[in-house]
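Written below as structure tokens is the structure these notes are about.
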Amino acid sequence: MSDFLGPESPVIGFLLAIAIGFLIGRTREPGEGRPPRPGLRDFVIIALVGAIAGHLDITAITVALVITVTATMLIMRAQHPERSGITTELAGLATFILAALSMTRDRQFAAALGIVLAMVLARRDEIRRIVREEISDEEYIDTLSFLGLIFIIYPLLPQGGYGPFEFFEPRRIWLFVILVSGVSFVGYFVAKFTGPERGAMLTAVVGAVASTTAYTGGISQAVAEAPEIAIPAARNVLIANSILFPRMLLIIAPISPGLAIAAVPAFSAMTISGFAAAWVVARAPQQSGVTVAASTFRNPFTLGPALKFGAVFTAVVFLSRAAVRYLGFGGQMAVSAASGLVDVDAISLALAGFVQSGVSTAQAAAAGMTLAAGVNAIFKSAMARSSGQSAFYLRIFAGFVIMFAAGAMVLAFADSARFAAVVGGLQR
């Protein structure tokens, strides 16, 4: 019975194919007074035929069924010349293919694509209005340019490192450029369609999950272009960097639960104090009469500043690799500081591995993670300074000082080993 209803069972595949046919067919059901066209029942049948083709997995039969389904829809289309467009026919062909894909190990991918296609067809009027009225030619060109960074340039770059200490990694550097420019791109459109306040906050959360370093660089670029947003932008940067600490805990928890538990007191203190600092910054506009700018992001895509940040990132990678090379891995704190210049995730995972293997204590590793995050904050402070707006970078400096002062105090006076033991006892 488990195989009959298992994740790779043909029964699940056929049910998924029927569901895809139903979802897509529902969007093509002809309304009253409209010319006839394939509707819900037709699409369910198309999905079943596609699932049968996928289940049999015989090329000749699949080709014959595709030709039959396509010819049937085209004949029906020719019988009603008053109809315009071939969206229904294309949707029918896509349904056949997705139904066949449902019978393979990629059925989850088929389900996701089916849902996306159904949503696009169901919201066609809204999408048409947005494309025609809401998206300008400049925004469209900028979108193409941003996608070109990801899907054209990035795949062409060589993998691996080059130069002394293999510091020059074209793909990694370009990924950082994509992330920095992506902050502006995503933030621009999120703010446009959800409003400045909500859009800026959502972008901060996304930036915290993706890369706080890239997010800080992207916001610094936006502040340089629009100085009036300095104060609310500083608030959002502090919020994003406060979320960094729970994210670090989630990254190391699967490898070393003991380290994650030991780091909770210091990381909680830094998260709470970071949010408190952001709240103080958020109060500043009300006290001084400054209002939040209409939009944090003025342009959806600007490559020049992102390339400059990429160059700085490359230089910092070189310095960190050189420091690790000459300091050696014997000095855990020194390596944590050097590695934390550009990336806290890598050193966090390394420290978690040390704890799990018994090379390091959880308390020492928690201190190393805090030090790495602190050094990374210095790099991000330098990025904020590049904005040239003291109202922005001084608040960032102050927020970081508050955060890491709280973390240092907890590490100095709290017994993280005892805390971990207490938590372990409660779990038992």
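Every number in this text was worked out from the coordinates using simple rules, so none of it is lab data. From a predicted model like this one, the values you see are computed outputs, not experimental measurements. Cβ: placed from backbone, ideal geometry, glycine included. Neighbour counts: every protein chain shown.
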Checklist entry - What is the distance, in nm, between label points placed 7 Å from the Cα along the Cα-to-Cβ direction at LYS192 and at ALA315? => result 3.4 nm
Checklist entry - Taking the Cα centre of the chain as the origin, how large is its charge dipole in debye, to the nearest 20, when only Lys and Arg (+1) and Asp and Glu (-1) carry charge on their Cβ atoms? => result 500 debye
Checklist outcome for this item: From fewest to most C-beta neighbours within 10 Å, the residues ASP106, ASP343 line up as ASP106, ASP343
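So if I take the alpha carbon set of the range 10-131, get Rg, then get Rh from the Kirkwood formula, what is the Rg over Rh ratio?
Here the Rg-to-Rh quotient is 0.99.
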Checklist outcome for this item: Sequence order, the range 160-170: Karplus ³J(HN,Hα) from phi using 6.51 cos²θ - 1.76 cosθ + 1.60, θ = phi - 60°, Hz rounded, Gly and Pro as x, gives x, x, 9, x, x, 6, 6, 6, 8, 10, x
Checklist entry - Of ALA100, VAL120, LEU65, whose Cα points farthest to the positive end of the dipole of the range 10-131 (charges on the beta-carbon: +1 Lys, Arg; -1 Asp, Glu; origin at the Cα centre)? => result VAL120
Checklist entry - What are the residues whose amide H is under 5 Å from the amide H of GLU29, where those residues sit 5 or more places off or on another chain and H is modelled from the backbone? => result LEU40
Checklist entry - Taking the simple approach of a point 7 Å from Cα along Cα-to-Cβ for both VAL131 and LYS308, what is their distance in nm? => result 3.7 nm
Next on the checklist: From the phi angles alone, apply the Karplus equation (6.51, -1.76, 1.60; θ = phi - 60°) to the range 178-187 and give each ³J(HN,Hα) in whole Hz, x where the residue is Gly or Pro.
Outcome noted: 4, 5, 5, 5, x, 4, 5, 5, 5, x
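What does the extension gain come out to for GLU225 and SER390, with contour length at 0.36 nm per residue minus their alpha carbon separation?
My answer for the length gained is 58.0 nm.
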Next on the checklist: Only counting other Cβ atoms within 10 Å, I'd like HIS80, HIS55 sorted with the fewest neighbours first.
Outcome noted: HIS80, HIS55
Checklist outcome for this item: Given unit charges at Cβ for Lys, Arg (+) and Asp, Glu (-), the dipole magnitude of the range 6-72 about its Cα centre in debye, nearest 20, is 260 debye
Next on the checklist: Restricting to DSSP loop positions (anything but H, G, I, E, B) with no more than 12 other Cβ atoms inside 10 Å of their own Cβ, which trypsin sites (Lys or Arg not before Pro) remain in the range 23-129?
Outcome noted: ARG105
Item to check | Gained length - ALA253 relative to PHE275, 0.36 nm times residue gap less alpha-carbon distance | outcome: 5.6 nm
Item to check | Theoretical gain in end-to-end length, ARG171 to THR59 [0.36 nm per residue, Cα-Cα removed] | outcome: 36.4 nm
Item to check | D (Stokes-Einstein, µm²/s), Kirkwood Cα radius, the range 137-427, 1.306 mPa s at 10 °C | outcome: 81 µm²/s
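Taking only DSSP H segments of four or more residues, each worth -39500 (n - 2.57), what value at 222 nm results for the chain once the sum is divided by all its residues, to the nearest 500 deg cm²/dmol? Let's see the in-between values first.
Numbers: 18 runs with 320 residues, N = 428.
About -25500 deg cm²/dmol.
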Checklist entry - Under a plain spin-label model, where a point goes 7 Å from the Cα along Cα-to-Cβ, how far apart in nm are ALA382 and ALA346? => result 1.6 nm
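Let's test the formula: R0 of 56 Å, r as the Cβ-Cβ distance of LEU147 and ALA412. What FRET efficiency results, to the nearest 0.05?
After rounding, the FRET efficiency stands at 0.70.
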Item to check | Cα lying deepest toward the dipole's positive end in the chain, options LEU411, GLY374, HIS80, charges on Cβ | outcome: LEU411
Checklist entry - Long-range amide H contacts for PHE168: which residues qualify at under 5 Å (H placed 1.01 Å from N, peptide plane, sequence gap of 5 or more or a different chain)? => result TYR162
Next on the checklist: Can you work out the Karplus-derived ³J(HN,Hα) for every residue in the range 100-105? Use 6.51 cos²θ - 1.76 cosθ + 1.60 with θ = phi - 60°, whole Hz, and x for glycine or proline.
Outcome noted: 5, 5, 5, 8, 10, 6
Checklist entry - How high is the FRET efficiency from GLU32 to LEU113, r the C-beta distance, R0 45 Å, rounded to 0.05? => result 0.90
Checklist outcome for this item: Sites removed, the longest contiguous part of the chain containing no DSSP-loop chymotrypsin sites (Phe, Trp or Tyr not before Pro) with at most 15 other Cβ within 10 Å is 5-328
Next on the checklist: For a Förster distance of 35 Å, can you work out the FRET efficiency between the beta-carbons of VAL120 and GLN79, rounded to the nearest 0.05?
Outcome noted: 0.85
Checklist outcome for this item: Correct response: the longest run of the chain lacking exposed GluC sites (Glu not before Pro), defined by DSSP loop and at most 12 other Cβ within 10 Å, is 83-428
